[in-house]
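Down below is the structure, laid out as structure tokens.
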Amino acid sequence: MNGDTPVEREPRLRLFIPLIVASGFFLEQLDSTIITTAIPDMAKALNETPLRLNIALTSYLVTLAVFIPISGWIADRFSMRRTFATAVVVFTIGSIACGFSDSLSTLVASRILQGLGGAMMNPVGRLILLRSFPRRDIVTAMTYVSLPSILGPVIGPLAGGVITTYATWRWIFFVNVPFGVIGVLLALRYIRDVDSPPPARFDTLGFVMCGLGMALFQIGVENLGHPVLATPIIVAIFTAAVALVVIYVSYARRHDNAVLDLSVLRVRSFRIAAFAGGLCRIGLNGVPFLLPLMLQVGFGYTPIQSGSTTFIASLGGVVLRPVTIRLLRALGFDRLMLVGTVFGAAMIASFALIRPTTPYPLLLLAIFIFGFARNIQFNSIQTLTYSDIASSALSRATSLGGVLQQLTMGFGISLSATVLSMIAGQGQTLSVPDFHRVFLALACVPLVALPGFALLRPEDGAIVSGHRRRGREVGQAAD
């Protein structure tokens, strides 16, 4: 008898759909990791400081956060298939524009265009996955998706170093084009739309409040480390950002079709994964930005030396990825989140011990283990986020979860750049001890999430993890 989901009706889609969604994740991951190795060369070409180039990273992530809230609504309004394909096209066009940029302002504008595509591509891709597979197969589906998509981080740093050394940094954006073309063709051929209730009227006022609040907050953070605006103006920007968030929370409680549905925060596993998991992302996501800078600016590595070194972090995630599923089944989300947080914080702090004289094999080992720790946390957090969300609320949950994820990842980069700039001082040369202090500061951030993860219960996410405790299966699969 045919099932209720596309993969149950067409078993061949069990492989095709994850691979298609992974193509979108691959584009985003490749783009975000390939650029980190090229930052020093890009800064020279654009007559900017390497720290200033962090805005090329955060502008993309903030654009994602601003426009992700409309992704679920657009997918429900115009179909998941067409929305995903269009998003890949926009992202690819943005990549081409980045490659032709001749100033920081044009690069940022092009990154914003990429962000518009990414804001549709990844959340809608996640929604396609969640709606295409039965709930009992979500962990397996996430594994299928993550394996191809993490090739981006594996290839990115090394490819960035090779391209920057032997060609030009502009080609780090042009390489997205063939992947984008393939992704569009596969999406139009194999993705199946799933019947869903027509979306309510779009919440324009709520979208403006959310978008403006997030943009103002990011502008304020960017001005902390290298201020362009006067202090009173920065204070006013932060005040306005906080005020907009507070007003929106009150507004969302009174409107059923608010652009970001805060009611999903009532689900304990979603709430804890969103906020405690966000703190972990802030700390862990600062490392991929800081490490290539320390190796090139502090240690004197060339781009290709830096890329061939830092790609080991993603390789650690690939090689040891199957361990995550086994750990989830053995420990459950409640225990794994606590252990993983401490493990991740320890590995961030370990980079404060790395010096130019550190034996190279020891450096590679530290980076490899960090990649494994980061992978455990990121995958577990993402799976926990949606594990207990009802099917009817998945569209709204992916929008809110995606916004919080991108904001925290962008804030991790901004915080790293800001703290490094404050420690080094304006106009001063970055030194290795400066990087060490920032790594120690970042290591403290995930530890703040421990009280939040301590609130998890054994049954949280058990339907997805399949974890058993006290001889009783709490994670019985549900169709």
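At 1.4 Å probe radius, can you tell me the per residue accessible area of the chain in Å²?
Working: 19210 Å² over 479 residues.
Spelled out: the 1.4 Å probe surface of the chain, per residue, equals 40 Å².
Leaving out ligands, DNA and RNA, and with a 1.4 Å probe, what % of the accessible surface on the chain is carbon or sulfur?
Carbon and sulfur together cover 66 percent of it.
To the nearest 20 debye, what is the magnitude of the charge dipole of the chain about its Cα centre, counting +1 on the Cβ of each Lys and Arg and -1 on the Cβ of each Asp and Glu?
The calculated dipole for the chain is roughly 900 debye.
Placing +1 on the Cβ of each Lys and Arg and -1 on the Cβ of each Asp and Glu in the chain, which of M422, L315, V235 has its Cα farthest towards the positive end of the resulting dipole?
In the chain, that residue is L315.
For percent of Cα pairs over 40 Å apart, one of [x] 38; [y] 15; [z] 29 was computed from the structure I shared and the rest are decoys. Which label?
Evaluating percent of Cα pairs over 40 Å apart on these atoms matches [y].
What do you reckon, how do L113, L430 stack up by accessible area (1.4 Å probe), largest on top?
Descending accessible area places them as L113, L430.
Would you please classify the overall shape of region 1-127 from the alpha carbon gyration tensor, given that a ≥ b ≥ c denote the square roots of the eigenvalues, rounded means a/c under 1.5, and beyond that prolate means a/b larger than b/c while oblate covers the rest?
Verdict is prolate for region 1-127.
Put I74, I367 in order of accessible area, largest first, 1.4 Å probe: what do you get? Numbers along the way, then the final one.
Values: I74 40, I367 0 Å².
If we order I74, I367 from most to least accessible, we get I74, I367.
What's the local net charge at R170, with K and R +1, D and E -1, over the other residues with C-beta under 11 Å away? Intermediate values should be presented prior to the final figure.
Working: positive: none; negative: D41, D102.
The answer is -2.
For helix 80-99, what angle does its Cα long axis make with the longest principal axis of the chain, in degrees from 0 to 90 and rounded to 10?
10 degrees
Add +1 for every Lys or Arg and -1 for every Asp or Glu among the other residues with Cβ under 15 Å from the Cβ of I413, and state the total.
On the way: positive: R52, R111, R281, R374; negative: E28, D31, E222.
My count for the surroundings of I413 gives +1.
Could you work out the local net charge near A200, counting Lys and Arg as +1, Asp and Glu as -1, over the other residues with Cβ closer than 12 Å to its Cβ?
Value of the local net charge: -1.
I'd like to know which of L440, F378, M42 lies farthest towards the positive end of the charge dipole of the chain, counting +1 on Cβ of Lys and Arg and -1 on Cβ of Asp and Glu.
F378
Using alpha-carbon pairs under 8 Å, 6+ residues apart, how would you state the relative contact order of the chain in percent?
23 percent
Students often check this: by mean Cβ neighbours within 10 Å, which of 21-31, 252-262 ranks highest, and how do the rest follow?
Result, highest mean Cβ count within 10 Å first: 21-31, 252-262.
Take C210, C444 and sort them by solvent-accessible surface of the protein heavy atoms, 1.4 Å probe, largest at the top.
So the residues, ranked largest to smallest area, are C444, C210.
For L15 and L185 in one chain, what is 0.36 nm times their gap in residues minus the Cα-Cα distance, to one decimal in nm?
59.6 nm
The values are calculated or read from the model by the stated rules, or taken from the named source; none is laboratory data. Remember, it's a predicted structure, so these values are computed and weren't measured experimentally. Note that each Cβ is placed from the backbone with ideal geometry, even for glycine, and that neighbours are counted across all protein chains shown. Calculation scope for accessible area: heavy atoms of the full protein, side chains included, ligands and nucleic acids excluded. Shrake-Rupley method; radii C 1.70, N 1.55, O 1.52, S 1.80 Å.
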